[in-house]
Amino acid sequence: MTAPSTQTGPRSATWLPSALLIVALSAALAFRAYLLAANDFPINDGALFFEFVRATAATFPRLPADAAYNGLTLPFAYPPLSFWLGALLTKLGADSLEVVRVLPIVMNTIYVGLFALLLLRSGRSRLFTALTILFLSATSLSFQWLMMGGGLSRGLGSIFLMLALLAVTLPGRQRRDLPILRAAAAGGAVGGAILSHLEWGILAAACVVLSRALGSTSIKSFIISCAVAGATAFTVILPWLLFVVQTHGFEPFLSAGGTSSWGDGKWLARLFGVIRLGVVSNPFAIVGFVVLVRRREWFWIGFLLLCVTLTPRHASTPATLANAVLGAQGIITSYRFAAGYVRSKKLLNASTMALIAALLAFGAYRIHLNAPASFRVLPAEMRQAMAWVAANYPGSRFVIVNDRAWYNDSTGEWFPTLASANSVTTVQGREWNGEFTRWVESFEALRESGSCNELEANLTRFQPFGFVWAEARQDCFPSERYQPLFRNDEVTIYRKRS
């Protein structure tokens with residue numbers, strides 16, 4: 001346990017920091033409860049993971065060798081713990097679709113609670129923790145990719161990251177060695193993170209090393225604690241590694257590694273990008289950054305560097321933790337600085353509260369703007385149209401045309417599962433056969449087609465196909481070449497004429 005921090009915030013009644021922390025956590029819980037109550041279907045993605053849960057349930061408690069999705073046979077080489085957990089719940093009577101809908105949101109609630117506990121245990125005050133949770137909650141990237149259906153694996157990995165940090169504790173100003181049992185617990189959490197989601201697992205392992213590098217009293221202590229944690233983590237993941245290598249060899253890992261954005265030389269641009277996101281959400285993060293540098297409190301600054309260098313593809317999600325810490329530190333430091341010049345404490349307190357409220361309102365407004373594009377539930381009319389396809393043209397090959405990026409294309413991901421047909425434009429699932437980059441390029445070329453002639457040319461990248469599911473560009477499918485079969489307010493379905 002690190003020594004309590006000496007930093008203070010606005011002077012107030014002793015009950016106020018606790019009340020504000022309760023409000024912050026309650027608001028986070030209420031938002032997630034609202035999402036559970038308001039939506040009857042997983043948010044955005046999750047169909048691929050839904051199929052993984054069903055495949056795991058079919059062989060439970062053993063892992064399946066393969067999983068079927070979109071006409072592909074995928075090697076079951078994805079970190080399996082979240083799917084095994086989903087299969088367990090299915091065996092206990094839960095509906096698999098409900099597991100994919102509910103579990104990511106529940107996991108994200110636990111994640112936020114553990115982050116608050118981590119801050120308190122690292123010596124941060126209740127006021128500091130409350131502000132950090134409020135700023136985190138007002139940033140869409142703090143939950144966007146974790147509460148979607150795909151958050152089934154991401155969310156579990158994020159929980160294990162928090163557990164690893166709780167085991168090692170964040171380094172304070174005084175260096176302290178880590179007991180062997182705590183190092184083993186940290187390693188177990190790292191192993192759990194790797195078995196949940198590889199990027200969160202890599203980040204968890206790096207954070208344990210960073211924490212010990214900053215907090216150990218000697219090189220010997222650093223080596224021992226890291227060795228114990230590493231050996232424990234390797235022991236935890238070894239059965240899964242042996243299973244994958246014996247069943248599929250190393251090829252799935254090599255194929256999936258090609259989608260991670262490692263080695264593309266853009267880490268510095270990403271670093272500025274995640275810092276910019278933090279500053280836009282809360283300009284006081286700049287003040288917080290300067291304060292931590294002057295105090296030589298390096299963990300959260302190092303955390304940002306780890307995010308963008310080791311896990312570049314998903315760096316913006318965990319980086320919101322550090323940005324929220326910097327923002328809270330900046331607000332509290334600025335208040336203390338202003339207190340030396342403003343005579344009226346009531347005016348200073350009121351102004352500070354108004355400023356915090358304005359920052360939170362701005363964050364909520366940005367969440368509102370971003371939600372339609374990246375945080376949507378597949379509309380009921382879409383699902384009805386997919387049921388129509390399943391009843392009339394199961395197993396057929398469809399091109400899906402809309403205006404969303406592939407990673408926000410909930411139609412493309414859910415179509416193979418709900419329509420019992422193949423989407424030749426869907427990117428998900430291509431990670432394991434080495435076709436990911438080519439499919440992304442073809443998908444984006446189709447989406448960005450500037451004219452109907454260009455769109456028609458780009459459709460040839462996905463031959464052969466017999467049907468078109470068109471949510472956009474419907475003027476590009478003339479009746480002499482495409483026969484309309486189905487239409488509602490969301491989609492028109494065409495059959496390609498011979």
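List of remarks:
- Enumeration of residues in region 55-73 that are more than 26 Å from the chain's Cα centre (by Cα) and on the phi > 0 side of the Ramachandran plot: Gly71
- Leu161 satisfies every condition listed in (1) more than 29 Å from Gly215 (Cα to Cα); (2) surrounded by 24 or more Cβ atoms within 10 Å (Cβ to Cβ); (3) more than 12 Å from the chain's Cα centre (by Cα) except (1).
- Elements of type strands (runs of 3 or more DSSP E) in region 454-498, at least 2 residues being surrounded by 16 or more Cβ atoms within 10 Å (Cβ to Cβ) and of a type in the set (A, V, I, L, M): 467-470
- Condition check for Ser479: touching a Pro at 6+ places or on another chain (Cβ under 6 Å) and assigned by TED's automatic domain parsing to the domain that holds Phe398: no
- If you filter region 141-156 down to residues that are in contact with a Pro (Cβ under 8 Å, 6 or more places away or on another chain) and either in a helix (DSSP H, G or I) or not hydrophobic (A, V, I, L, M, F, W, C) (or both), you find that the one that is farthest from Ala193 (Cα to Cα) is Gly149.
- The set of residues from region 355-377 being modelled with pLDDT of 90 or more and surrounded by 14 or more Cβ atoms within 10 Å (Cβ to Cβ) comprises Leu355, Ile356, Leu359, Leu360, Val377.
- Being closer than 23 Å to Met147 by Cβ and either in the same structural domain as Ile159 (by TED's automatic domain parsing) or crowded, with 18+ Cβ neighbours inside 10 Å (or both) holds for only one residue in Thr352, Thr317, and it is Thr317.
- Subset of region 113-124 (residues that are under 15 Å from Gly157 (Cβ atoms) and either in contact (Cβ under 8 Å) with a residue 60 or more places away in the chain or surrounded by fewer than 16 Cβ atoms within 10 Å (Cβ to Cβ) (or both)): Phe115
- Among the residues making up region 108-148, those that are aliphatic (A, V, I, L, M) and either in contact with a strand residue (DSSP E or B) (Cβ under 9 Å, 6 or more places away or on another chain) or within 13 Å of Ala27 (Cβ to Cβ) (or both) are Val112, Ala116, Ala130, Leu131, Ile133, Leu134, Leu136, Ala138, Met147, Met148.
- Selection from region 382-403 of residues that are surrounded by fewer than 18 Cβ atoms within 10 Å (Cβ to Cβ) and either among the polar types (S, T, N, Q) or free of Cβ contacts under 8 Å to residues at least 60 places away in the same chain (or both): Gln384, Ala387, Ala390, Ala391, Asn392, Pro394, Gly395, Ser396
- Any hit, region 429-445, residues being assigned by TED's automatic domain parsing to the domain that holds Thr411, closer than 13 Å to Phe398 by Cβ and of a type in the set (Val, Ile, Thr): no
- Of the candidates Leu195, Leu203, the single residue that is in contact with a Phe, Trp or Tyr (Cβ under 8 Å, 6 or more places away or on another chain) and at pLDDT 95 or above is Leu195.
- Among residues of region 204-219, those that are surrounded by fewer than 22 Cβ atoms within 10 Å (Cβ to Cβ), touching a residue at least 12 places away in the same chain (Cβ under 8 Å) and either under 22 Å from Tyr111 (Cα atoms) or β-branched (Val, Ile, Thr) (or both), counted: 4
- Filtering region 412-432 for residues that are farther than 21 Å from Gly71 by Cβ and assigned to a helix (DSSP H, G or I) leaves an empty set.
- Residue within region 86-108 that is of a type in the set (S, T, N, Q) and surrounded by 22 or more Cβ atoms within 10 Å (Cβ to Cβ) present: yes
- Restricting attention to region 301-314, the residues that are within 14 Å of Ala285 (Cβ to Cβ) and surrounded by 20 or more Cβ atoms within 10 Å (Cβ to Cβ) add up to 2.
- Against the list (1) in contact (Cβ under 8 Å) with a residue 12 or more places away in the chain; (2) farther than 30 Å from Val377 by Cβ; (3) not hydrophobic (A, V, I, L, M, F, W, C), the condition Ser158 fails is (2).
- Applying the set (1) in contact with a helix residue (DSSP H, G or I) (Cβ under 7 Å, 6 or more places away or on another chain); (2) modelled with pLDDT of 90 or more; (3) surrounded by fewer than 20 Cβ atoms within 10 Å (Cβ to Cβ); (4) assigned by TED's automatic domain parsing to the domain that holds Phe115 to Val342 leaves exactly one unmet item: (2).
- Residue among Ala357, Ala387, Ala364, Ala419 that is more than 28 Å from the chain's Cα centre (by Cα) and either closer than 20 Å to Glu51 by Cβ or in the same structural domain as Ala47 (by TED's automatic domain parsing) (or both): Ala387
- Residue in region 208-226 that is closer than 30 Å to Arg101 by Cα and either among the acidic types (Asp, Glu) or assigned by TED's automatic domain parsing to the domain that holds Leu63 (or both) present: no
- If the condition is being touching a Gly at 6+ places or on another chain (Cβ under 9 Å) and not hydrophobic (A, V, I, L, M, F, W, C), then region 287-311 contributes Gly288, Glu297.
The values are calculated or read from the model by the stated rules, or taken from the named source; none is laboratory data. Source: prediction; values computed, not measured. Because the Cβ atoms are built from the backbone with ideal geometry, glycine has one as well, and the counts that use them run over all protein chains shown.
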